[in-house]
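Below: one structure, written as structure tokens.
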Amino acid sequence: MPYRVLASLFLLLLCSGVRAQDSGSNPSSSISYTRDVQPIFTEKCVACHACYDAACQLNLGSAEGALRGASKVQVYNGRRSEAEAPTRLYYDAHSVTAWQHKGFYSVFDAQGSQAALMARMLELGHKTPLTPNAKVPAEIVLGMDRDNQCPMPAEFDTYAGNHPKEGMPLAVTGLTEPQYQTLRRWLAAGAPIDQQALAPSASETLQITQWEDMLNARGAKEGLVARWLYEHLFLAHIYFEGGEPGHFFQWVRSRTPSGQPIDLINTRRPNDDPGSDVYYRLWPVQGVIVHKTHITYPMSPGKMARVKELFYSGDWTVSASPGYGPRHRANPFDTFQAIPAQARYQFMLDNAEYFVRTFIRGPVCRGNIASDVIRDNFWALFQDPAHDLYLTDAAYRDKATPLLSMPGQIDDVGSVLTLWHSYRDKRNEYEALRSKTYAQAPAPSWSTLWAGNDNALLSIFRHYDSASVNKGLIGEIPQTMWLFDFPILERTYYQLAVNFDVFGNVAHQAQTRLYFDLIRNGAEQNFLRLMPADSRDEILSDWYQEGGKVKMWLDYQGIDDDAPSGLKLNEKDPKRDFALQLLVRYGDLNGRPDPINRCSGAYCARQTLVPELRYAEQALSRLTSRPAAGLQVIAQLPEASMLRIQASDGKRELYSLLRNRAHSNVAFMLGEESRYQPGLDTLTIYPGVLSSYPNFMFNIPAVQVPAFVRAMEQARDADAFEKIVQRWGIRRSNPQFWFYFHDLTRYIQETEPVEAGMLDMNRYENL
């Protein structure tokens, strides 16, 4: 029976239970899940219980997640030898019974004379409140190092005895008394659910029909294009021109065509064999929007016209539809070779911010599994299609395509090293071919860089605990820059988004990370080609210090240090000169003037602000572009702090205070701590919320910002930083914690409403 039919019957039964209770005299029956309960979950629970790494997989962003309950199974387990069965909400099971067969258990059901597990957890938290504005007791472990106990109902008493201060919400200012009483009465009444599924508007329905008609058109050519588009948009939260605010949709594969209830094909990966006829369908994104997984993509008549122009024009043909086996998953260049490479690359360039977000920000919710082989911050540029030889040179493309396969399809633990050596050697053979072919082409110049729209320049911050991708060039000039061509961009997307399995075993995850190290190195090599030939070895040596030099010798293809560059750059520091020229040449595309981090004169603030806030930004600029050796407070700071600067008239601005860790190299998937260079760490301060995982917040009246900056400059140790936290910090125990935390989301709603979503506080530190 189709999923939507099952879901409708299930909700009907639940709603019938609500109506039955409403007919009685129980005063609790007036409590509505939609009106009264979900808002409490959204305000006080979703910040920890929404993503894949939600404690015990308990997702409280929707009725479906709440009814699914909790599980002891860890989604993130880098040591498992066997892959875990996926437990994706809305995908992998469609009833409470089905979820229980997968090991989930209810948090709502009473156990004889015992109240529901959630009721007892809330009671434990309610009777052991935190001391206001004090640090959380040291015995409560927080962050990703926490070993979640996930007690089943029969195990609660043991849990409470061992963890008397770890009720819910965990280690944070808890529920208000009215909120607590509402949830207590609702749970005592049997936790009735009355939630209604999101339904598209008339305008959205019309556009959904148009897009589904296009992707489900019959024919080999149409089917191949639809498959490629689906594999590139399956992660997108799609919104429509003229659609309702807050309405988003996702592409799924269904056994049923448009006009019928969706019968979901829930394969492990989007490019796994569907096992039946496929119809590409759009369904609403249900539940609370979570910022980490909210990777947006607009659709409109203009977008449709662009897709038709790129993919459905021309006289190219498809001789045979490719299969779905490991070979086709490993090499999308071979699988989709019939589709003109120019069209594929141009589509990705048109939407470059979206694609880079898919593999930098989400949706796995725990990006630290890849951060060991990425710098904390870098800029991304893109090669112009007219200068991408994979697109323009058919002979080169034919030679390169077989060498572009990616590992991770075979997860046999015993074969990891053999597979790795095979894929490494193929990749290095490709790099040698690329270097030789490009050496015979005209020297790269400014025209080599794509400048087609405001996606052309991107800033990436990819910390252990945080990640963001933004248009424009943000922050001080970074140590490294990536130059994506089509083979690099497509492989990165497939390796980290399409083919990555968060439920996979250690072999799959190791192969993914090892190959991504090669991808990063390839993007760096592409960029080095822009530098003067005699400077490339020195720049590369700076990127791969210490053990990185051994890694270059063992695993990387040597760089081309002979072929000239066509750019005229300062020989003393060509990389910096390149960046400065880039900022001037592409100023219109940049759209991100950054006087705080790149102050070029006396005024280091946005001149559009009122004087009070302008003076505050001027003061904040003193903290940027200074290494930790000369600004010792950096050693005390987490990776992503938020500064809330409030003017005397009540208006406020929000800034991200990002600590960028320096590394001797990022060439290894383990041992990141041994490669830190703490004295070279720097800070980036930028308007807006550049993290889905705030580590801490400071609330500072604008007139006190100079004092805050002086205190930061003078802080030499933990005791001095403690005074800063006491004066301006928003600790987890602050009585107004939730107001300040949710103000971050309100700010995004005000400045970028489409991008707004609930932030995650699993990384909020106990400073």
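The values are calculated or read from the model by the stated rules, or taken from the named source; none is laboratory data. Remember, predicted model here, so these are calculated numbers, not experimental data. Glycine also receives a Cβ, built like all others from the backbone with ideal geometry; neighbour counts cover every protein chain displayed.
Descriptive notes on the structure:
- The range 398-412: number of residues that are under 28 Å from the mean Cα position of the chain (by Cα) and assigned to a helix (DSSP H, G or I): 1
- Only one of ALA226, ALA217 that is assigned to a helix (DSSP H, G or I), among the hydrophobic types (A, V, I, L, M, F, W, C) and on the phi < 0 side of the Ramachandran plot: ALA226
- In the range 399-424, the residues that are at pLDDT below 95 and among the charged types (D, E, K, R): ASP411, ASP412, ARG424
Yes/no per residue for (1) at pLDDT 95 or above; (2) in a helix (DSSP H, G or I); (3) within 24 Å of TYR655 (Cβ to Cβ):
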{"site": "GLY558", "(1), (2), (3)": "no, no, no"}
{"site": "ASP561", "(1), (2), (3)": "no, no, no"}
{"site": "GLY566", "(1), (2), (3)": "yes, no, no"}
{"site": "ALA579", "(1), (2), (3)": "yes, yes, yes"}
{"site": "ASP588", "(1), (2), (3)": "no, yes, no"}
{"site": "CYS604", "(1), (2), (3)": "no, no, yes"}
{"site": "LEU609", "(1), (2), (3)": "no, no, yes"}
{"site": "ILE634", "(1), (2), (3)": "yes, yes, yes"}
{"site": "LEU643", "(1), (2), (3)": "yes, no, yes"}
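- Annotation: ARG227 fulfils all but one of (1) assigned by TED's automatic domain parsing to the domain that holds SER254; (2) over 30 Å from GLY242 (Cβ atoms); (3) crowded, with 21+ Cβ neighbours inside 10 Å; the unmet one is (2).
- Looking only at the range 257-276, residues that are surrounded by fewer than 17 Cβ atoms within 10 Å (Cβ to Cβ), hydroxyl-bearing (Ser, Thr, Tyr) and at pLDDT 95 or above come to 1 in all.
- Filtering the range 137-170 to residues that are of a type in the set (A, V, I, L, M), out of contact with any helix residue (DSSP H, G or I) (no Cβ under 9 Å at 6 or more places or on another chain) and either crowded, with 20+ Cβ neighbours inside 10 Å or not in a loop (DSSP other than H, G, I, E, B) (or both) leaves only ALA154.
- Scan of the range 418-440 for residues that are over 15 Å from ASP485 (Cα atoms), crowded, with 16+ Cβ neighbours inside 10 Å and among the polar types (S, T, N, Q), ordered by number: ASN428
- Of all residues assigned to the range 384-397, none qualifies as being of a type in the set (Asp, Glu), modelled with pLDDT of 95 or more and assigned to a helix (DSSP H, G or I).
- Exclusive hit being assigned by TED's automatic domain parsing to the domain that holds LEU554, of a type outside the set (D, E, K, R) and within 19 Å of ASP577 (Cα to Cα), set PHE527, PHE484: PHE527
- Scanning the range 611-632 for residues that are outside any helix (DSSP H, G or I) and among the small types (Gly, Ala, Ser) turns up just one, SER625.
- Residue in the range 207-220 that is in contact with a helix residue (DSSP H, G or I) (Cβ under 6 Å, 6 or more places away or on another chain) and in the same structural domain as VAL307 (by TED's automatic domain parsing) present: yes
Let's see how each residue does on (1) out of contact with any strand residue (DSSP E or B) (no Cβ under 6 Å at 6 or more places or on another chain); (2) surrounded by fewer than 19 Cβ atoms within 10 Å (Cβ to Cβ); (3) of a type in the set (Val, Ile, Thr):
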residue	(1), (2), (3)
PRO694	no, no, no
VAL709	yes, yes, yes
GLN714	yes, yes, no
LYS723	yes, yes, no
ARG727	yes, yes, no
ARG731	yes, no, no
PHE739	yes, yes, no
HIS742	yes, yes, no
ASN762	yes, no, no
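- Long-range neighbours under 7 Å by Cβ, at least six apart or interchain, first residue more than 23 Å from GLU212 (Cβ to Cβ) within the range 301-327, second part of a loop (DSSP other than H, G, I, E, B): GLY314/PRO340; TRP316/ALA338; TRP316/PRO340; PRO326/GLN409; PRO326/ILE410
- In the range 432-470, the residues that are over 30 Å from GLU673 (Cα atoms), touching a helix residue (DSSP H, G or I) at 6+ places or on another chain (Cβ under 8 Å) and charged (D, E, K, R): ARG434, ASP454
- Identification of helices (runs of 4 or more DSSP H) wholly contained in the range 446-545 with 2 or more residues that are crowded, with 24+ Cβ neighbours inside 10 Å yields 486-493, 506-528.
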